[in-house]
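As structure tokens, the structure follows; a few thoughts come after it.
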């Protein structure tokens with residue numbers, strides 16, 4: 001600190017910056033951003049992942065809770081938990097569901113950035129993470145302007161909001177209102193590997209099963225590539 005004689009009337013930085021109100025509007029922090037974080041797990045979560053979660057920042061003075069689904073098939077876990085939320089007298093009125101999986105490590109401000117991004121007329125926005133292994137693929141599936149019903153991985157663009165047909169569910173924010181749409185087939189999430197008469201083989205992970213059913217109803221999705229999520233491989237002790 002330098003020696004100084006104070007004669008100014010300090011009004012504070014945020015009181016004088018013209019972009020302050022714009023930032024507050026963009027963040028949506030003044031709205032109801034109540035969030036239910038649901039986590040399917042085999043019962044034990046790696047210590048490095050837990051340490052990462054402990055640094056996760058919720059929205060200031062907003063409601064935030066965690067619900068764990070233990071030893072359930074992942075599609076069944078998501079479907080049953082969301083149906084429970086939709087019939088709960090309190091939780092059904094919350095705004096968002098955040099899906100978080102036991103091997104995903106989001107940045108501390110991940111929730112805050114996803115809430116900001118979901119204001120752009122999207123019904124779900126996810127962080128960017130990759131499948132495990134040297135040949136990992138980004139879990140951001142296809143540009144709807146190019147292939148409206150395809151799920152080929154996109155090349156991520158740097159630090160932007162990138163529209164897509166589908167996402168993984170390792171760190172993804174959903175509007176609860178979307179799940180109340182009776183047009184969506186039940187169960188909402190389903191892991192599929194079957195032969196369909198007159199159509200041939202059909203294979204979906206639970207996430208893309210849901211997005212494939214939601215796209216024709218006009219819902220829009222995006223990946224916030226600012227939110228870079230690690231994917232922890234406990235067997236090799238590597239974060240992909």
Next item on the list: Please go through segment 137-156 and pick out each residue that is more than 14 Å from residue 224 (Cα to Cα) and either in a strand (DSSP E or B) or touching a helix residue (DSSP H, G or I) at 6+ places or on another chain (Cβ under 8 Å) (or both).
Entry: 144, 148, 149, 151, 153
Next item on the list: Test residue 174 against the stated conditions and say whether it is crowded, with 16+ Cβ neighbours inside 10 Å, touching a residue at least 40 places away in the same chain (Cβ under 8 Å) and either over 18 Å from the mean Cα position of the chain (by Cα) or not in a strand (DSSP E or B) (or both).
Entry: no
Notebook entry, point to check: What tally of residues in segment 78-95 results from selecting those that are closer than 19 Å to residue 187 by Cα and touching a strand residue (DSSP E or B) at 6+ places or on another chain (Cβ under 9 Å)?
Noted result: 6
Next item on the list: Take segment 78-105 and flag every residue that is closer than 21 Å to residue 43 by Cβ, touching a helix residue (DSSP H, G or I) at 6+ places or on another chain (Cβ under 9 Å) and in contact (Cβ under 8 Å) with a residue 24 or more places away in the chain.
Entry: 78, 79, 82, 98, 99, 100, 101, 102, 103, 104, 105
Checklist line | helices (runs of 4 or more DSSP H) wholly inside segment 1-63 that include at least 3 residues being under 21 Å from residue 108 (Cβ atoms) and modelled with pLDDT of 90 or more | finding: 47-54
Note to self: Please verify whether residue 161 is in contact (Cβ under 8 Å) with a residue 24 or more places away in the chain and in contact with a helix residue (DSSP H, G or I) (Cβ under 6 Å, 6 or more places away or on another chain), treating the condition exactly as stated.
What the structure shows: yes
Checklist line | Of the criteria (1) in contact (Cβ under 8 Å) with a residue 40 or more places away in the chain; (2) surrounded by fewer than 19 Cβ atoms within 10 Å (Cβ to Cβ); (3) over 26 Å from residue 208 (Cα atoms), which one residue 45 fails | finding: (3)
Notebook entry, point to check: With respect to residue 214, is the statement that it is surrounded by 21 or more Cβ atoms within 10 Å (Cβ to Cβ), at pLDDT 95 or above and out of contact with any strand residue (DSSP E or B) (no Cβ under 7 Å at 6 or more places or on another chain) true?
Noted result: yes
Notebook entry, point to check: What do you reckon, is residue 188 under 18 Å from residue 97 (Cα atoms), crowded, with 19+ Cβ neighbours inside 10 Å and at pLDDT below 95?
Noted result: no
Note to self: Quick check on segment 109-116. Is at least one of its residues buried (at least 21 other Cβ atoms within 10 Å of the Cβ), outside any helix (DSSP H, G or I) and at pLDDT 95 or above?
What the structure shows: no
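The values are calculated or read from the model by the stated rules, or taken from the named source; none is laboratory data. Computed from a predicted structure; not experimentally measured. When we count neighbours, we look across all protein chains shown, and the Cβ atoms used for this are built from the backbone with ideal geometry, even at glycine.
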